[in-house]
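What follows draws every value from the coordinates through simple rules; no lab data is involved. Just so it is clear, the structure is predicted and the values come from calculations on it, not from any experiment. FYI the Cβ positions are ideal-geometry reconstructions off the backbone, even for glycines, and counts take in every protein chain you see.
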Amino acid sequence: MARNKYPEETVNRIKEVSLKLFMEKGYEYTSIQDIINDLGGLTKGAIYHHFKSKEEIFLAVTEDIHRETETRMAAIRDDEKLNGLQKLQKMFDSSLESSTQDKMFSVAPNLLKNPQFLALQLQSSIDEAAPFYIQPVLEQGIADGSIQTEYPKELAEILMLLANVWLNPMIFAVSPKEMLSKCRFFQKILLGLGIDLVDEGMLERFYKYAKLYEDKNHK
């Protein structure tokens with residue numbers, strides 16, 4: 001068999017086609033054969049040379065999506081023009097209005113039915129997002145007076161768990177109306193901590209994502 005001279009191009013092509021199919025059909029309803037059919041000439045053996053399973057392809061696709069998010073969060077974290085609270089507000093606002101989130105809600109399976117993916121979501125929230133992006137911003141906010149807390153590490157983790165798990169319709173599927181109720185409660189919790197983070201625009205986007213996920217799962 002001739003060796004593939006351009007393995008990176010092949011991997012990118014597999015991921016692009018898979019992302020397109022996941023968005024069109026949903027993760028659960030996309031098979032390896034569907035991916036092969038859309039690759040135009042690439043064999044099953046060629047796919048399995050790079051990925052052991054559909055799950056591994058999905059992980060590679062979501063890793064690319066998360067990398068986009070991390071780049072954006074790092075830029076906000078390192079913006080010297082903003083105080084801590086402004087950075088936190090911008091991080092949450094940016095994460096909800098980006099095309100990256102649209103992709104995630106379009107392609108992701110129900111995470112409760114896929115414990116491997118759920119575990120990765122939890123690990124990413126606590127081991128990566130909280131310590132590297134949220135906690136430094138909270139600590140800056142404490143230093144500049146825009147945020148009041150004695151527990152920046154714990155607050156960073158709770159923010160990520162509430163936003164990425166409790167408010168995530170990919171984990172706890174709720175109606176758009178129920179999502180608004182949860183978001184307003186989240187808003188009250190944060191205001192009680194002295195953090196004005198959730199505005200009406202953010203509520204509308206949470207509603208949008210709950211509707212997007214509900215529509216995807218009722219096709």
Cα long-axis angle, helix 176-192 against the chain (0 to 90 degrees, to the nearest 10): 40
Mind telling me which of L96, L111, L82 comes out most flexible in a GNM of the chain, alpha-carbon contacts under 10 Å? L82
Going by Cα centres, the stretch 141-219 and the stretch 23-54 are how many Å apart? 35
Between helix 54-77 and the chain, what is the angle of the helix's C-alpha long axis to the longest principal axis, kept within 0 to 90° and rounded to the nearest 10? 30
Only loop residues by DSSP count here, and only those with at most 12 other Cβ atoms within 10 Å; note down the chymotrypsin sites (Phe, Trp or Tyr not before Pro) in the stretch 1-86 that meet that. Y29
Among V61, V137, V11, which one moves the most in a GNM of the chain with springs linking Cα atoms closer than 10 Å? V11
Report, in listed order, any pair from K54/K90; K15/K153; K87/K188; K15/K208; K54/K211; K44/K208 with a Cα-Cα distance greater than 31 Å. K54/K90; K15/K153; K44/K208
Just K113, K81, K90 to compare: in a GNM of the chain, with alpha carbon springs under 10 Å, which one fluctuates most? K81
What relative contact order, as a whole-number percentage, does the chain give when Cα pairs under 8 Å and 6 or more residues apart are counted? 20
What does the charge add up to near K188, with Lys and Arg as +1, Asp and Glu as -1, over the other residues with Cβ less than 13 Å from its Cβ? +1
Length added when fully stretched, E178-N83, from 0.36 nm per residue minus Cα-Cα: 30.9 nm
Please give every one of the aspartates and glutamates within straight-line cross-link reach of K113, meaning a C-alpha to C-alpha distance under 19 Å, and leave out same-chain neighbours fewer than 8 residues apart. E28, E55, E56, E214, D215
Only one of the values (1) 25, 23, 18; (2) 36, 20, 13; (3) 28, 20, 15 was calculated from this structure for semi-axes √(5λ) of the Cα gyration tensor in Å; name its label. (2)
If a/c stays under 1.5 just call it rounded; otherwise compare a/b with b/c (prolate if a/b is bigger, oblate if not). Do that for the stretch 113-199, with a ≥ b ≥ c from the square roots of the Cα gyration tensor eigenvalues. oblate
